[in-house]
Structure formats: structure tokens, C-alpha cells
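Here's the structure, in C-alpha cells; my notes come after.
The values are calculated or read from the model by the stated rules, or taken from the named source; none is laboratory data. Please read these numbers as outputs of a predicted model, since none were measured by experiment. Positions of Cβ are backbone-derived with ideal geometry, glycine not excepted, and every protein chain shown enters the neighbour counts. Note: areas computed on protein heavy atoms with side chains; ligands, DNA, RNA excluded. Shrake-Rupley method; radii C 1.70, N 1.55, O 1.52, S 1.80 Å.
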Amino acid sequence: MTFSEENYLKSIYSLQKDSPKGVSTTILAQYLESKPASVTEMIKKLDEKGLVLYQPYQGVLLNKDGELVALKVIRKHRLWETFLAKKLDFSWDEIHDVAEQLEHIKSDKLIKELDRFLGFPTHDPHGDPIPDEQGNVIKVEKKQVSQLVPGDTGTCVGVNDTSSSFLQFLDQQQIKLGTVIEIMHLQDFDKSMTVRIDGRELLLSQIATENIYVKF
């Protein structure tokens, strides 16, 4: 598997959750910031390798073999993120780009020892579950803050947007995993929310509330 092939499989895995009938080449091209023609060519290669199910004009889905490869890459990525954050004190807005490079290391022994060294973590620093060696993923019951109503209280368990700018914004607002968020008011005009965190009240935009996950 090339780095590019692994990235495609990982991307299809992420996108097919919202497109269970097939991920279109257009959507995949936008997600990967690539040209549709290049995406179609790669999908055909993955289809020939027996890793995806592809039908022109209907889209692409991973088969069982392709999903297992994707989950192994995701497992490595999230273990490396955990290592960078917990052992090297990288901030959570720095770890994604570095883990993107480290996730393609091929040594199964290294990843197994990394998992043991970290104490077999179940979630990465962003709150995402880490697949086990067999590709099993713990299901996390969570909601977007935007789905809550005034009077609700939830604990931050993850984020959807892992961009540096968004994570830096959360740091500025002192929001991290484990932060308790109480919904005070919903603004009908723009769906922004006034929330209370550690005795402080602050206003969060709809973009922010849609990208923060909480559990009750």
C-alpha cells in the first residue's frame, strides 16, 4: 500500500458514514483537495486491488478488506497523536499534522509496543476512539453542543474539526476534554449559544457548537 492509497481509504471511511449508498468522486475530490479525474483513477486502482466497491455515477464504498486497512491507519494515527500529546507535550492543535506522517509506518511490532507503552488508551487527545488490533471501535454516545437546549449540561468528549485554528480557539476559550458546558441561552437569529463554563459565560457561534461533542 502506498501512502496515497492509505489516505484514500481513510478518507472514504470518514465520508461513507454520511453517504452509506456511496461516496461520490466529487465529494471525495473536494475532501482530498484533488482533481475528480485523479480521484477516479485512484478508485479504479483500489477496486482492482479488491479494497473498495465502486460503481460509476453511484460512488465508492469500502469492502471489509478496505475498511480493515483504513482502521489500521486510523489506529496508528490516533496512537501517535496520543504519544505526541502525553509523552512529548505537543498541544492538541499540533499533533494532527505530525501524526499524518507517522501513520504510514509499516512496523506492526512498533505500533503494538507503542500501544503497550501508552497503557492501551481507548481514545486519542481529540476524544476519538482508537481502533484495536482487530479493527474494533468503541461506540461513543455523544451529541453536538448545537443539539442541546437551554438548561442542558454536557461534558466535552471530542471535536469534529481538528484544524489548528479551531483547536487554538478552544484553548483560548479554555475548552478541553472533560470541560463541563451548561447551555444558558440560544439565539434564534444565528443559532449562537451563551454557555457557562467554570463560572464563566461566553458566546459560541453555531460553527463552534456544531464542532464540539459532549456526553450527558
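Normalising by the residue count of the chain, find the relative contact order in percent from Cα pairs under 8 Å and 6+ residues apart. Working shown, then result.
Numbers: 314 pairs, mean separation 32.9, N = 216.
So the answer I get is 15 percent.
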Taking the Cα atoms only, what angle lies between the long axis of helix 108-117 and the longest principal axis of the chain, rounded to 10 degrees?
20 degrees
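Please compute the net charge surrounding I183, taking Lys and Arg as +1 and Asp and Glu as -1 over other residues with Cβ under 9 Å from its Cβ. Intermediate results must be reported in sequence, preceding the final value.
Working: positive: R196; negative: D152, E182.
Around I183, the surrounding residues sum to -1.
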Considering only P20, L79, V39, whose Cα is most displaced toward the positive end of the charge dipole of segment 1-79, charges sitting on Cβ of Lys, Arg (+1) and Asp, Glu (-1)?
L79
Extension reserve of the T26-K64 stretch, reckoned as 0.36 nm per residue once the Cα distance is removed:
11.4 nm
Would you mind pulling out the separation of the Cα centroids of segment 1-71 and segment 192-211, in Å?
36 Å
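Where the only charges are on Cβ atoms (+1 Lys, Arg; -1 Asp, Glu), what is the dipole of segment 36-117 about its Cα centre, to the nearest 20 debye? Please list the in-between numbers first.
Numbers: 14 positive and 15 negative charges, 83 e Å.
Dipole of segment 36-117, to the nearest 20 debye: 400 debye.
Accessible area per residue of segment 1-104 at 1.4 Å probe, in Å²? Spell out each step's value before the answer.
Working: 5750 Å² over 104 residues.
Solvent-accessible surface per residue comes out at 55 Å².
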Size of the dipole of segment 130-193 about the Cα centre, Lys and Arg at +1 and Asp and Glu at -1 on the beta carbon, nothing else charged, in debye to 20?
40 debye
Just the accessible area for E133, please: 1.4 Å probe, Å², rounded to the nearest 10?
100 Å²
Dipole-positive endmost among W92, V149, L61 within the chain (Cβ charges, Cα centre):
L61
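Determine, for each peptide in 180-188, 92-100, the mean count of other beta carbons within 10 angstrom over its residues, then list the peptides with the highest first. Before the final figure, lay out the partial values.
Working: 180-188: 14.7, 92-100: 18.3.
Averaged packing, sorted descending, gives the order 92-100, 180-188.
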Please give the per residue volume of the convex hull enclosing the alpha carbon atoms of segment 1-145, rounded to a whole number of Å³.
126 Å³
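Give the shape of segment 134-216 as rounded, prolate or oblate, defined through the alpha-carbon gyration tensor: a ≥ b ≥ c are the square roots of its eigenvalues, a/c under 1.5 means rounded, and otherwise the shape is prolate if a/b is larger than b/c and oblate if not.
In terms of gyration-tensor shape, prolate.
Could you give the accessible area per residue of segment 162-216, probe 1.4 Å, as a whole number in Å²?
Details: 3170 Å² over 55 residues.
Value for segment 162-216: 58 Å² per residue.
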Tell me, in nm to one decimal, what length is gained between M184 and K17 on full extension, where the rule is 0.36 nm per residue of separation less the Cα-Cα distance?
57.0 nm
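Mind jotting down a quarter of the surface of the convex hull over the alpha carbons of segment 93-149, in square nanometres, one decimal? All intermediate terms of the calculation are to be shown ahead of the outcome.
Values: hull surface 21.8 nm².
Orientation-averaged projected area of the Cα hull: 5.4 nm².
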Approximate spin-label separation L203-D171, in nm, with each point projected 7 Å along Cα-to-Cβ:
2.5 nm
Given +1 on the Cβ of Lys and Arg, -1 on the Cβ of Asp and Glu, and no further charges, what dipole in debye does the chain carry about its Cα centre, rounded to the nearest 20?
540 debye
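How much of the accessible area of the chain, probe 1.4 Å, is carbon plus sulfur, in whole percent? Before the final figure, lay out the partial values.
Working: 6140 of 12200 Å².
C and S atoms contribute 50 percent here.
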Taking the full set of protein chains and a 1.4 angstrom probe, give the accessible area of F90 in square angstrom, rounded to the nearest 10.
70 Å²
